[in-house]
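The values are calculated or read from the model by the stated rules, or taken from the named source; none is laboratory data. Quantities reported herein were computed from a predicted structural model and do not represent experimental measurements. So basically every Cβ, Gly included, is an ideal-geometry build from the backbone, and we count neighbours across all protein chains shown.
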């Protein structure tokens, strides 16, 4: 998993969660296996969770001030 391109992960994450494509559709469009797409998504989710945990207080303050 360490050799995965951050650019490729971002592209796949965007396609899945912003564009709403299925892993099959992403697999077809990027010409990669569904397993690879799922691996990219898993790494992206783990990195996002880590960022949210690291910056939880900041996010909470921002959300509180947006009322």
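Answer yes if at least one residue in region 40-58 is outside any helix (DSSP H, G or I) and touching a residue at least 24 places away in the same chain (Cβ under 8 Å), and no otherwise.
No, region 40-58 has no match at all.
Only one of (1) exposed (fewer than 10 other Cβ atoms within 10 Å of the Cβ); (2) modelled with pLDDT of 95 or more; (3) not in a loop (DSSP other than H, G, I, E, B) is not met by residue 63, so which one is it?
Evaluating residue 63 over (1) exposed (fewer than 10 other Cβ atoms within 10 Å of the Cβ); (2) modelled with pLDDT of 95 or more; (3) not in a loop (DSSP other than H, G, I, E, B) leaves (2) as the failure.
If only one of 25, 11 is under 13 Å from the mean Cα position of the chain (by Cα), at pLDDT 95 or above and surrounded by 13 or more Cβ atoms within 10 Å (Cβ to Cβ), which one is it?
It is 11.
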